[in-house]
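Notes for the one structure printed next.
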Amino acid sequence: MAPLNMVFGSVLRKNIIFNNAEVLYKRVNLVNAYSMYGPQFVEPVYKKDKQESMYESGEIENILHVPVKAARVDATCSVFHDELVRKFTNLVMRDGRKILARELIEEAFEKIKRIQLQRYHSTEDPEKKTSVLTDPLKIFHAALANSKPVLQLTPIKRGGVTYQVPVPITDKRSQFLAMKWIILAAKDKDPKVHFPEKLAWELVDAAGNQGKVVKKKQDLHRQCEANRAYAHYRWS
Amino acid sequence: MRLNCNLKIPARVPQKEPVPFKEILPLRLKETVSGKGDKTSDVACLHEMSIMFACFKNNEFNQELCSKEISSFQNCYKDFQNKKNIKKRQEQKGILIPGEKNLTHKQLNTLLRRFPPQ
């Protein structure tokens, strides 16, 4: 690390005062030390609509003549690709059996479609009929959004007593917790029931802002609220 | 019998006023500052959190009715983290920013190195 700092130092010493932080970010490219790509490489944009929007906004000019990292094997411009579903599949996967995990999720989506179509046809009021979501992807997104917690409890030791302290969490962490809870809720089932079926029901319930996962999130929030007096204890 | 009597070592004399001054450390400021007392606390957004909790309690933990409070809390935390990251990076390099009021010890040291105390 020392020689790197020296190099940075020698480069930076010429103009060590920057006007603001943005300029600082542009000049100093922080790179993972063992990355196979240099700091000039940018992440690939593999979605067509994203590319088009970049062309429209003129943002593409920044990366048009810059080397691009190789796209990952699961990065595809297919209309069926969804970033959150991809992540969820990876969390469902056990022992690297990705094909199985993907099949399970596809089956769950099919089940969601069936459940929602049944609901759609059973509702007679035409106004209510339009409000029934039948797109499993939309249901999935709604379910995730409804099960994302805002806070978390962390144990912090103060004077020999461990307090459960409510702390804010990042968006990524709350997304992970939501996915984990949904999967755990789906796994907590009768052995005769298949995982995709239970998963479908959990997702439909969570999309309707009810069910096990949403209750778990609300319980966590309740606990955080009860422990709000400890909120000023944090790593310090 | 006491030892002193035989050896004729004088007993400790009482200190006479004025006490002569002895300079143990040089009597001027160092050219650097240490970063020992430079620990910032990790606590942020307490006010936003309490507002959010109040809203939660009023609406029986229904998040839809508290979306404004939640988003303000999340934005506050995001802001705090961004600032912390930027500060950390600057701290590592000791880069100075004009108009900055709270300098870190590394920033202070670069400043002191540029303009050493006379």
**Item:** Summed residue charge, Cβ within 15 Å of B:Glu60's Cβ, Lys/Arg positive, Asp/Glu negative
**Value:** 0
**Request:** Enumerate the amide H contacts of A:Val42 below 5 Å, restricted to partners 5 or more residues apart or on another chain; note that Pro and chain-start residues carry no placed amide H.
**Result:** A:Val68, A:Lys69
**Request:** For segment A:114-123, take each phi angle, set θ = phi - 60°, evaluate the Karplus expression 6.51 cos²θ - 1.76 cosθ + 1.60, and give the result in whole Hz per residue in order, putting x for glycine and proline.
**Result:** 4, 4, 6, 5, 4, 5, 4, 6, 7, 7
**Message:** If the reach is capped at under 19 angstrom between alpha carbons, list the aspartates and glutamates near A:Lys129, excluding any in the same chain fewer than eight residues apart.
**Reply:** A:Asp205
**Complete:** Under the rule rounded for a/c under 1.5, else prolate if a/b exceeds b/c, else oblate, using alpha carbon gyration tensor axes a ≥ b ≥ c, the protein assembly as shown is classed as prolate
**Fill in**
Set A:Lys48/A:Lys148; A:Lys87/B:Lys78; A:Lys87/A:Lys217; A:Lys48/A:Lys180, cut-off 24 Å on Cα-Cα distance; pairs above it are A:Lys48/A:Lys148; A:Lys48/A:Lys180
**Message:** Need the C-alpha centroid separation for segment B:35-89 versus segment A:159-195, integer Å.
**Reply:** 21 Å
**Message:** With 10 angstrom as the radius, rank A:Ser147, A:Ser53 by how many other C-beta atoms surround their C-beta, starting from the fewest.
**Reply:** A:Ser53, A:Ser147
**Fill in**
Mean separation of Cα contacts under 8 Å (at least 6 apart) over the residue count of chain A, i.e. the relative contact order in percent, is 16 percent
**Asked** Which one of A:Pro149, A:Phe109, A:Ala207 has its Cα pushed farthest toward the positive end of the charge dipole of chain A, where Lys and Arg give +1 and Asp and Glu give -1 at the Cβ?
**Response** A:Pro149
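Taking every residue in A:205-217, how many Cβ atoms of other protein chains lie within 10 Å of its Cβ, on average? Show your work: numbers first, answer last.
Numbers: counts 0, 0, 0, 0, 3, 0, 0, 0, 0, 2, 1, 0, 2.
Averaged over the peptide's residues, the number is 1.
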**Asked** So which lysines can B:Lys30 reach, going by Cα to Cα under 27 Å and dropping same-chain residues fewer than 8 places off?
**Response** A:Lys14, B:Lys22, B:Lys39, B:Lys87, B:Lys88, B:Lys93, B:Lys101, B:Lys106
**Request:** Provide A:Cys224, B:Cys55, A:Cys77 in ascending order of the number of other Cβ atoms located within 10 Å of each residue's Cβ, fewest first.
**Result:** A:Cys77, B:Cys55, A:Cys224
**Request:** Multiply the residue gap between A:Asn209 and A:Asn32 by 0.36 nm, knock off their C-alpha separation, and tell me the result in nm, one decimal place.
**Result:** 59.7 nm
**Fill in**
Other residues with Cβ under 11 Å from the Cβ of A:Asn209 give, with Lys and Arg +1 and Asp and Glu -1, a net charge of 0
**Message:** Springs between alpha-carbon pairs under 10 angstrom, Gaussian network model over chain B: which of B:Arg12, B:Arg89, B:Arg28 fluctuates most?
**Reply:** B:Arg12
**Item:** Prolate/oblate/rounded label for chain B (Cα gyration tensor, a/c 1.5)
**Value:** oblate
**Prolate/oblate/rounded call for segment A:49-201, Cα gyration tensor, a/c under 1.5 rounded** = oblate
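Ranking B:Tyr77, A:Tyr55, A:Tyr34 by Cβ neighbours within 10 Å, fewest first, what do you get? Before the final figure, lay out the partial values.
Numbers: B:Tyr77 21, A:Tyr55 12, A:Tyr34 5.
Ordered by Cβ neighbours within 10 Å, fewest first: A:Tyr34, A:Tyr55, B:Tyr77.
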**Message:** Along the Cα→Cβ direction, 7 angstrom out, place labels at A:His65 and B:Ser72. What is the inter-label distance in nm?
**Reply:** 4.8 nm
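None of the figures in this text is laboratory data; all of them are computed from the coordinates on show. Everything quoted here is computed from the prediction, not taken from an experiment. Cβ atoms come from the backbone with ideal geometry, glycine included; neighbour counts cover every protein chain shown.
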